2 protein chains.
Amino acid sequence: MSQQERLVIGLAGLGTVGGGLVEMLQKNERDILNRTGRRIWIKTIAVRNINKARTLPENCRLTDNPLELAQDPDIDVVVELMGGKDTARTLIRESLLNGKHVVTANKALLAEHGEELFALAAEHGRFLGYEASVAGAIPIVQTLRESLAGNHISSVMGILNGTGNYILSEMTSHGLDFATALTQAQAQGLAEADPTLDVDGIDAAHKLILLIRLAWGLHYPFPELSVQGIRGLRRMDIEFAREFGYRIKLLGQAKEVDGKIEAGIYPALIHYTMLIARVGGAYNAVRVEGNALGSLFLHGLGAGSRPTASAVLGDILSIARGAEINNTGYRRALLPPASILPAEDAMTPWYVRLMVKDISGVLRDIAGAMAEENVSMAQVIQKAECPEGVPIVFMTHATTGRAIHAATRKLEKEGLLLEQATCYRVFARDSGTETGSGTGPEAVPEADL
Amino acid sequence: MSQQERLVIGLAGLGTVGGGLVEMLQKNERDILNRTGRRIWIKTIAVRNINKARTLPENCRLTDNPLELAQDPDIDVVVELMGGKDTARTLIRESLLNGKHVVTANKALLAEHGEELFALAAEHGRFLGYEASVAGAIPIVQTLRESLAGNHISSVMGILNGTGNYILSEMTSHGLDFATALTQAQAQGLAEADPTLDVDGIDAAHKLILLIRLAWGLHYPFPELSVQGIRGLRRMDIEFAREFGYRIKLLGQAKEVDGKIEAGIYPALIHYTMLIARVGGAYNAVRVEGNALGSLFLHGLGAGSRPTASAVLGDILSIARGAEINNTGYRRALLPPASILPAEDAMTPWYVRLMVKDISGVLRDIAGAMAEENVSMAQVIQKAECPEGVPIVFMTHATTGRAIHAATRKLEKEGLLLEQATCYRVFARDSGTETGSGTGPEAVPEADL
């Protein structure tokens, strides 16, 4: 590809992100020319309704047939921002087959059909860029694929869904309950009318699959990932967690344990001294641990028109510069499957809240059930009675979800609990990392104001 | 360059970082092979004393003549980790002239002689990697050069010197005075016997020059940069700043103001709600604002054997993959000079501490001197008398350093001050950025535990 010519784009989708891309291409034309030496021309935009009134960039035409982009010999790069899994998949396939580079923000498609698409891109020697599909403007794809390539990665975790984090932030800082915070997120355009993808952790799960692929070069099948969202999360748990010194965040976490990958999406308690506990509003953050770098923490806007366009543009400009093809970060076209450590078998401290009728006697039964499963309780707080009963809240030493759930199910069966037990993982930093001091790399050494 | 062959390295310097590189190349050999398809062979290491006892990697020889690396036709990449400006400069020049790629961690050399070396690399079409020269393991070079290439950058700021930050952290969290904290840093091997480069801001200044080059494609001559270090910084200022809700950090900051670059290294007050205020110990952090991405915050280890080796390895593996040559991030070989907005003319709020004999009457004179220079005082605290006098501490609305210094010099001349005025900039987030809510992107919405 000559780097002197203009680069010709076919864009599928002119929604929030597509609109941001068009805007930033115009606004930053000079910066882009200085950096790449090339002009970027959007020749065709595929939209659902070509009759809708729009302001288009110069010399740009519309089509309502996305596949036209894959067939146009003028087009160098197809940018897929339409979403969905069917037409988008066909479009990306056809584009690669026809020798075009592809840039996409479609995390769902890549998480569920990435193997096929990456193999196709490798076969045809084409760039398949997806920086925008994980954590918006945060350059985590490029960072894992290139900057950290000399590391053996031990852990990747992050707040990967801005909508979910916004809801938790509002519950935490303004004392809203889940339903009110969700309604507010919807009113602000942060959450969809059907919030399933965000609230039930599915969007974050798609992103985590991509991060696992980048960190370890392994294929972790999406249906096998343990996914728990924040729907119905209770304010009282946020408050109890705070008493122990923790914040509750919707976390995507993957780590390597004895050659296996332990991964999942779940609401988790994170100690307030960690930077990731401080991620507010619709922000995203990713924390990576590697054997050379120690820990790296990246924080930025995970969604929205311009931030997502920033990531899409990063990929387009790599193509414009003639960057080498390095889509997955690994040489083999087909990645081996991950050995999976089931989330239920992973060792971690747990937060448990049980609602009981009254304290007397019950605490002995609870302690007994936990002991039977070898769950060791670290801290217990008994709370004043509330309308739903008397909460007994405790943190355990590291144990498995299997043990926690066996113990709580037993208590449920014995009729001791007024409602299902609430159990969340507690995020503990690995002790074996190279990140230094006992107080931890991200500790806030100062007392707060 | 064939990607099937092994990549042959000549390494200059086997100190902390060089040793880390050798270690990580061995430890992560399989990861590297999976990612690049190539083996990395260190053929020759140039050291000062070849007779010193060392464990060397297999098939590796020593030399005490670094220039040998530039002349060996087997060597693909010369890795310069020896430091200093004379031999290192010659080595890099000769290596590029002989068609070798170069990877260096030498910020001083690139800040002061970068124009010459980047031009030479461009002329010979060779990779000149320097990720390790700014903020250690934080991939800020690659991020600015590639991931954010579609942005117009408005601001780059960071904690760019881990030693300085460690000293300030210790002073803040353990109430040490400057001299004690410095001695402690020296005892821990974090500070040199001669701490000038770290403590007087020079190391951070070198890095800021490189960040300005990456963010705007401009050459900002090193001697013109305004540099103020933390030597002798007083504990009481840390405490007073805290009363206003701020932390004092040694900050490198550059921003674009009406087409000019305002830049400098100085101790500055940063509001406690910002993530950058929370960077503890020897960590580094960089915060970038761009018109597409909003704000991005990166946090990691800024120095040390393995973290720096992580960055060096990132560059080496880019070369191994056959990455396109994109050293400066811009097409022109010679960058235009920056239009400089002198630090003294930059508008910012200021923190001022004046030591006076007693309050009565003096406050009127101070207010008068400030008013004459159009400095508007925002908050004033009078503190109890201490051995050195009575401190009068205030924060101003945005004004220039020129006005602040004119006013305080006048008070000094009038004999009203018992010691020289202490004046620090206060970091205020730009209001014009796209990062969202009124409380700011990095606000901690929750009250602290």
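If you check A:ALA277, A:ALA303, which single one turns out to be out of contact with any Lys or Arg (no Cβ under 9 Å at 6 or more places or on another chain) and either at pLDDT below 95 or part of a strand (DSSP E or B) (or both)?
Matching residue, one of A:ALA277, A:ALA303: A:ALA303.
For region A:21-32, the condition of being open to solvent by 30 Å² or more (accessible area, probe 1.4 Å), of a type in the set (Asp, Glu) and more than 14 Å from chain B (Cβ to nearest Cβ) holds for none of the residues. Selection within region B:365-394: residues that are assigned to a helix (DSSP H, G or I) and charged (D, E, K, R). The member of this set that is least open to solvent (accessible area, probe 1.4 Å) is B:ASP365.
Within region A:216-231, can one find any residue that is free of Cβ contacts under 8 Å to residues at least 60 places away in the same chain and among the small types (Gly, Ala, Ser)?
Taking region A:216-231 first, the residues free of Cβ contacts under 8 Å to residues at least 60 places away in the same chain are A:223, A:225, A:227-228, A:231.
When the remaining residues are screened for being among the small types (Gly, Ala, Ser), the result is none.
Scanning region A:216-231 turns up no residue that is free of Cβ contacts under 8 Å to residues at least 60 places away in the same chain and among the small types (Gly, Ala, Ser).
A residue that is open to solvent by 30 Å² or more (accessible area, probe 1.4 Å), at pLDDT 95 or above and closer than 28 Å to B:SER295 by Cβ occurs nowhere in region A:157-167. Of the residues A:VAL257, A:VAL286, the single one that is more than 9 Å from chain B (Cβ to nearest Cβ) and either farther than 24 Å from A:ALA132 by Cβ or open to solvent by 10 Å² or more (accessible area, probe 1.4 Å) (or both) is A:VAL257. Within region A:4-19, is there a residue that is closer than 30 Å to B:ARG213 by Cβ, surrounded by fewer than 16 Cβ atoms within 10 Å (Cβ to Cβ), of a type in the set (Asp, Glu) and out of contact with any Ser or Thr (no Cβ under 8 Å at 6 or more places or on another chain)? Within region A:4-19 (the criterion being closer than 30 Å to B:ARG213 by Cβ, surrounded by fewer than 16 Cβ atoms within 10 Å (Cβ to Cβ), of a type in the set (Asp, Glu) and out of contact with any Ser or Thr (no Cβ under 8 Å at 6 or more places or on another chain)), the answer is yes, since at least one residue qualifies. So B:VAL312 clears everything in (1) in contact with a strand residue (DSSP E or B) (Cβ under 9 Å, 6 or more places away or on another chain); (2) more than 7 Å from every other protein chain (Cβ to nearest Cβ); (3) open to solvent by 10 Å² or more (accessible area, probe 1.4 Å) except one condition, right? Which one? For B:VAL312, the exception is condition (3). For the residues B:GLY232, B:GLY189, the requirement of being open to solvent by 10 Å² or more (accessible area, probe 1.4 Å), more than 14 Å from chain A (Cβ to nearest Cβ), assigned to a loop (DSSP other than H, G, I, E, B) and at positive phi singles out B:GLY232.
With respect to the conditions (1) assigned to a loop (DSSP other than H, G, I, E, B); (2) away from chain B (no Cβ under 14 Å); (3) free of Cβ contacts under 8 Å to residues at least 12 places away in the same chain, A:ARG331 falls short on a single one, namely (2). Taking the conditions (1) touching a Leu at 6+ places or on another chain (Cβ under 9 Å); (2) in contact (Cβ under 8 Å) with a residue 40 or more places away in the chain; (3) within 14 Å of another protein chain (Cβ to nearest Cβ) in turn, B:SER318 satisfies each one other than (1). Could you tell me whether any residue of region B:237-252 is touching a helix residue (DSSP H, G or I) at 6+ places or on another chain (Cβ under 7 Å) and either free of Cβ contacts under 8 Å to residues at least 40 places away in the same chain or open to solvent by 20 Å² or more (accessible area, probe 1.4 Å) (or both)? Within region B:237-252, not a single residue is touching a helix residue (DSSP H, G or I) at 6+ places or on another chain (Cβ under 7 Å) and either free of Cβ contacts under 8 Å to residues at least 40 places away in the same chain or open to solvent by 20 Å² or more (accessible area, probe 1.4 Å) (or both). Take region A:298-309 and flag every residue that is open to solvent by 20 Å² or more (accessible area, probe 1.4 Å), of a type outside the set (D, E, K, R) and facing chain B (nearest Cβ under 7 Å). Result: A:LEU301, single match. Of all residues in region A:40-53, none are at pLDDT below 95, under 21 Å from the mean Cα position of the chain (by Cα) and outside any helix (DSSP H, G or I). When region B:35-66 is filtered for residues that are closer than 21 Å to B:GLY99 by Cα, touching a helix residue (DSSP H, G or I) at 6+ places or on another chain (Cβ under 7 Å) and surrounded by fewer than 16 Cβ atoms within 10 Å (Cβ to Cβ), only B:ARG39 remains.
Checking A:GLY162, A:GLY114, A:GLY150 one by one, the residue that is farther than 30 Å from A:ASP258 by Cα and of a type in the set (Gly, Ala, Ser) is A:GLY162 and no other. The residue pairs whose first member lies in region B:360-375 and is closer than 14 Å to B:GLY415 by Cα, whose second member is among the polar types (S, T, N, Q) and loosely packed, with under 12 Cβ neighbours inside 10 Å, and whose beta carbons are closer than 6 Å, counting only pairs six or more residues apart or on different chains, do not exist in this structure. Could you tell me whether any residue of region B:192-208 is in a loop (DSSP other than H, G, I, E, B), small (Gly, Ala, Ser) and within 14 Å of another protein chain (Cβ to nearest Cβ)? No, region B:192-208 contains no residue that is in a loop (DSSP other than H, G, I, E, B), small (Gly, Ala, Ser) and within 14 Å of another protein chain (Cβ to nearest Cβ).
Hey, any hits in region A:80-98 for a residue that's in contact with a Ser or Thr (Cβ under 6 Å, 6 or more places away or on another chain), more than 30 Å from B:LEU334 (Cα to Cα) and assigned to a helix (DSSP H, G or I)? No, because not a single residue in region A:80-98 is in contact with a Ser or Thr (Cβ under 6 Å, 6 or more places away or on another chain), more than 30 Å from B:LEU334 (Cα to Cα) and assigned to a helix (DSSP H, G or I).
Just one of the numbered conditions (1) open to solvent by 10 Å² or more (accessible area, probe 1.4 Å); (2) more than 14 Å from the chain's Cα centre (by Cα); (3) within 24 Å of A:VAL17 (Cα to Cα) is not true of A:LEU97: (3). Checked across region A:416-435, the condition of being open to solvent by 60 Å² or more (accessible area, probe 1.4 Å) and at pLDDT 80 or above holds for at least one residue.
Picking from residues in region B:334-345 that are modelled with pLDDT under 95 and crowded, with 16+ Cβ neighbours inside 10 Å, the one that is nearest to the other protein chains (Cβ to nearest Cβ) is B:LEU335.
So which of B:GLY158, B:GLY164 is in contact (Cβ under 8 Å) with a residue 40 or more places away in the chain, more than 10 Å from every other protein chain (Cβ to nearest Cβ), among the small types (Gly, Ala, Ser) and not in a helix (DSSP H, G or I)?
Going through B:GLY158, B:GLY164 in turn, just one is in contact (Cβ under 8 Å) with a residue 40 or more places away in the chain, more than 10 Å from every other protein chain (Cβ to nearest Cβ), among the small types (Gly, Ala, Ser) and not in a helix (DSSP H, G or I): B:GLY158.
Do we find that B:LEU269 is in contact (Cβ under 8 Å) with a residue 60 or more places away in the chain, surrounded by 21 or more Cβ atoms within 10 Å (Cβ to Cβ) and more than 13 Å from every other protein chain (Cβ to nearest Cβ) in this structure? For B:LEU269, the condition - in contact (Cβ under 8 Å) with a residue 60 or more places away in the chain, surrounded by 21 or more Cβ atoms within 10 Å (Cβ to Cβ) and more than 13 Å from every other protein chain (Cβ to nearest Cβ) - is not met.
State all residues of region B:209-229 that are in a helix (DSSP H, G or I) and either under 22 Å from B:GLY84 (Cα atoms) or open to solvent by less than 20 Å² (accessible area, probe 1.4 Å) (or both); if no residue qualifies, say none. Result: B:ILE209, B:LEU210, B:LEU211, B:ILE212, B:ARG213, B:LEU214, B:ALA215, B:PHE222, B:PRO223, B:GLU224.
Within region B:349-364, one or more residues are modelled with pLDDT of 95 or more, outside any strand (DSSP E or B) and more than 14 Å from chain A (Cβ to nearest Cβ).
The values are calculated or read from the model by the stated rules, or taken from the named source; none is laboratory data. Fair warning: this is a prediction, and the values are worked out from it, not measured in the lab. Every residue, glycine as well, gets a Cβ built from its backbone with ideal geometry; the counts of neighbours run over all protein chains shown. For accessibility, only protein heavy atoms count, side chains too; no ligands or nucleic acids. Shrake-Rupley method; radii C 1.70, N 1.55, O 1.52, S 1.80 Å.
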